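Please treat every number below as a calculation from the coordinates, not as lab data. On a predicted model such as this, the values are computed, not experimentally measured, just so you know. Cβ placement follows ideal geometry from the backbone for every residue including glycine, while neighbour counts extend to all protein chains displayed.
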Amino acid sequence: MPEGEVMAEHHEINAVAPSSLKHIVGQASVKAQVEVALDAAHQDAKKFDSALLVGGPGLGKSAMAKVIADEMATGYHEVIGQSIKFSSDLNALLLGAKDRDVCHIDECHEMPKQLQTALYLALDQRKLFVPGPKGKPQSIPIADFSLLLSTTDEYCLLQPLRDRMKLVLRFDFYTDEELTTVLHQRSQALGWAVEAEVQPLIAQRARGTPRLALRLLQSCRRVCRAEGSKTIRLEHLEKACGLETIDALGLGPTEQQYLRILGEGPTRLNVIASMMGLPARTVSQVTEPFLIRVGLLVKDDQGKRCLTAKGRDHLSKSGPQRD
């Protein structure tokens, strides 16, 4: 930035976003695959190869899809899988794209199975089949666009659709160091002043997920501005975490309650779910995965959930709290 120039300050965390591959932090394997595919597409003057982007929520799949479109200097069309309920919804997306454009369907596994079938048939034939006069089907040609499909559960997609994706980009959870870099990069782009010690502590609470790290940074700034300050400090982070009941590992009230239940001893899933007032499926698919990933929880041979030594240590440091 030239000397004397003042960076514009933005109020919302998503007011800026990566616009090129070099701005993407982490995901080295994904970036390497994308870089090769981009170079090949530019050399051959063709579209970017269709790709399946797989990974947990908040790991940057949508951001990568937009960056691919920016790097290809083409149009970008994005929809959520849940919004494609009828053939007309899918047709509107496919007919709106031009040659080499990027069409991104986020949470694509939410599309009805019959529309997933219609999608891969359209890709194969580069045509849409719609009812014509007197009910006779007629074909409409579609452009030679790039299709990017993002999902948190690839096996909910029909295999023929998965098989038609030429690239599979698998997104991993971030390290604390990578998340610190993400936070530093975004703070600078937004023009937010943040004390150096704050960003690593936010990263530790973000559960390996950029979306959560950026959300907590936004919460810190909200506290900062509410107190009339211009620099985000440690006390703002502590107050933000207190308001949202987030502990040092980024566990929220539900995870904290879960650990307190297990603090009484090994317990079966249905008992835990009953005590928490949640469906067992929600507990096993939403609450438990992170606790297992960070080593706070294990399952024994009888299916009971047990705290590890690390889990007991974290629970003791968290202190007693009321449910």
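Give, as a single signed number, the net charge of other residues whose beta carbon lies under 11 Å from the beta carbon of LYS230, with Lys and Arg counted +1 and Asp and Glu -1.
+1
Using Cα-Cα distances under 8 Å and only pairs 6 or more residues apart, what relative contact order does the chain have, in percent?
Computed value for the chain: 17 percent relative contact order.
Nearest 10 degrees is fine. How inclined is helix 113-125 to the longest principal axis of the chain, computing both from alpha carbons?
50 degrees
In segment 212-283, which GluC sites (Glu not before Pro) fall in coil by DSSP and have 13 or fewer other Cβ atoms within 10 Å?
Those that pass, being in a loop and sparsely packed, are GLU227, GLU264.
How much length would be gained if the chain were fully extended between LEU115 and GLN188, taking 0.36 nm per residue of separation minus their Cα-Cα distance, in nm to one decimal?
22.0 nm
Quick check on the chain: helices-only [θ] at 222 nm, where DSSP H runs of length 4 and up contribute -39,500 (n - 2.57) each and the sum goes over total residues. Nearest 500, please.
About -13000 deg cm²/dmol.
Out of the DSSP beta bridges found with both residues in the chain, what percent are antiparallel (nearest 5)?
Here the share of antiparallel DSSP bridges comes out near 30 percent.
Pick the calculated Cα extents along the principal axes in Å for this structure from [x] 95, 42, 32; [y] 70, 65, 34; [z] 66, 34, 34?
Comparing each candidate, only [y] matches the computed number.
Would you mind giving the three semi-axes, in whole Å and largest first, of the ellipsoid equivalent to segment 137-257 according to its Cα gyration tensor?
Equivalent ellipsoid of segment 137-257: 39, 18, 14 Å, largest first.
Count neighbours as other Cβ atoms within 10 Å of each site's Cβ, and list the trypsin sites (Lys or Arg not before Pro) in segment 74-114 that are DSSP loop with at most 15 such neighbours.
LYS85, LYS98
For segment 176-300, what's the relative contact order in percent, using C-alpha pairs closer than 8 Å and at least 6 residues apart?
Reported relative contact order: 19 percent.
Modelled label-to-label distance, VAL16 and VAL271, 7 Å Cα→beta-carbon offset: nm?
Calculated label separation equals 5.2 nm.
Which part of segment 260-274 falls in the paramagnetic zone of ASP301, meaning amide N under 14 Å from the point 7 Å along Cα-to-beta-carbon?
Counting backbone N atoms under 14 Å from the label point, the list is empty.
Among ALA213, HIS10, THR180, whose Cα projects farthest towards the positive end of the dipole of the chain, with charges put on the beta-carbon of Lys, Arg (+1) and Asp, Glu (-1)?
Checked the options; the winner is ALA213.
Which aspartates and glutamates, if any, have their Cα less than 12 Å from the Cα of LYS230, not counting same-chain residues under 8 positions apart?
GLU9, GLU195
Counting other beta carbons within 10 Å of each Cβ, put ILE24, ILE292, ILE232 in order, fewest first.
Going from least to most buried by this count: ILE292, ILE24, ILE232.
Working from Cα positions, state the angle (0 to 90°, nearest 10) between the long axis of helix 253-262 and the longest principal axis of the chain.
Approximately 60 degrees, to the nearest ten.
Taking neighbour Cβ counts within 10 Å as the exposure measure, how do SER187, SER318 sort from fewest upward?
Ranking SER187, SER318 by Cβ neighbours within 10 Å, fewest first, gives SER318, SER187.
With each pseudo-label sitting 7 Å past Cα toward Cβ, what's the THR231-VAL286 distance in nm, one decimal?
For THR231 paired with VAL286, the spin-label model returns 4.0 nm.
Roughly how far apart, in whole Å, are the Cα centres of segment 142-210 and segment 97-141?
28 Å
With charges only on Cβ, +1 for K and R and -1 for D and E, what is the dipole size of segment 58-208 about its Cα centre, in debye, rounded to 20?
Result for segment 58-208 is approximately 900 debye, rounded to the nearest 20.
If we count other beta carbons within 10 Å of each Cβ, what is the order of HIS236, HIS184, HIS42, fewest first?
The fewest-first ordering by Cβ neighbours comes to HIS42, HIS184, HIS236.
Set the Förster distance to 41 Å, then compute FRET efficiency between THR245 and THR175 from the Cβ-Cβ distance, nearest 0.05.
0.95
List the relative contact order of segment 27-170 as a percent without decimals, with contacts defined as Cα pairs under 8 Å and 6+ residues apart.
It rounds to 35 percent for segment 27-170.
Number of Lys-Lys pairs in segment 27-170 under 13 Å by Cα, sequence gap 8 or more or different chains?
So the count works out to 5.
Suppose the chain between ALA40 and GLN159 were pulled fully straight at 0.36 nm per residue; how much longer would it get relative to their current alpha carbon spacing?
40.2 nm
For a bin width of 10 Å, list the pair-distance distribution of segment 253-318 built from all Cα-Cα distances, rounded to whole %.
22, 64, 14
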